[in-house]
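Visitor: I have a structure I would like to understand better, so I am pasting it below and will then ask my questions one at a time.
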């Protein structure tokens, strides 16, 4: 569990975009894995099976979220519906200089938006590869597509992200 926990959590977090939900889904994943261990077919790698379980739970969560009509926890920290800062924005920042921090936040926001705008099949492959650190073969097994199709989806995802983030290229070069 320790070997896969960080990558699995990052994959789930990127899928649901909420830390508390990701923690809950990670626990649910391990519960399902442990309860289904006797049925595990060793025809595939353990990590492939675990990520498949997590992926299915994320899909279920997304379907449930569509049906919910309650307000987001990211609303104003004042508990009202006005445009005030969220709790996360109110906490003091102990990070780097303000200008660098502002650009970094802007870039992070743009990256998250660009990832979310990817077609579902490309986003899924990108997240499994980048946040789950899985091999293309494992991803192919998880999503049920040929390995070459998975590689193509990754290439298209990277091209879209590069295009969406082109304005930050010089900034990235300056940092590196």
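Visitor: With the checklist (1) more than 27 Å from residue 46 (Cα to Cα); (2) modelled with pLDDT of 80 or more in hand, flag the one item residue 91 doesn't pass.
Guide: Evaluating residue 91 over (1) more than 27 Å from residue 46 (Cα to Cα); (2) modelled with pLDDT of 80 or more leaves (2) as the failure.
Visitor: Any residue at all in segment 134-153 that is outside any helix (DSSP H, G or I), within 13 Å of the chain's Cα centre (by Cα), on the phi < 0 side of the Ramachandran plot and surrounded by 19 or more Cβ atoms within 10 Å (Cβ to Cβ)?
Guide: No, segment 134-153 contains no residue that is outside any helix (DSSP H, G or I), within 13 Å of the chain's Cα centre (by Cα), on the phi < 0 side of the Ramachandran plot and surrounded by 19 or more Cβ atoms within 10 Å (Cβ to Cβ).
Visitor: May I pose another question? Does residue 43 satisfy being at pLDDT below 85 and assigned to a helix (DSSP H, G or I)?
Guide: Here the answer is no, as residue 43 does not meet what is asked.
Visitor: Name the residues in segment 4-33 that are surrounded by fewer than 17 Cβ atoms within 10 Å (Cβ to Cβ) and modelled with pLDDT under 90, would you?
Guide: Hit for segment 4-33 is 17, nothing else.
Visitor: Count, please, the residues in segment 115-129 that happen to be in a helix (DSSP H, G or I) and either surrounded by fewer than 17 Cβ atoms within 10 Å (Cβ to Cβ) or touching a strand residue (DSSP E or B) at 6+ places or on another chain (Cβ under 7 Å) (or both).
Guide: 3
Visitor: Then there's this: Can you confirm whether residue 99 is at pLDDT below 75 and part of a helix (DSSP H, G or I)?
Guide: Answer is yes for this residue.
Yes or no, residue by residue, for (1) more than 19 Å from residue 135 (Cβ to Cβ); (2) touching a helix residue (DSSP H, G or I) at 6+ places or on another chain (Cβ under 7 Å):
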position	(1), (2)
19	yes, yes
22	yes, yes
27	yes, no
32	yes, yes
35	yes, no
48	no, yes
57	yes, yes
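The values are calculated or read from the model by the stated rules, or taken from the named source; none is laboratory data. Quantities reported herein were computed from a predicted structural model and do not represent experimental measurements. Glycine also receives a Cβ, built like all others from the backbone with ideal geometry; neighbour counts cover every protein chain displayed.
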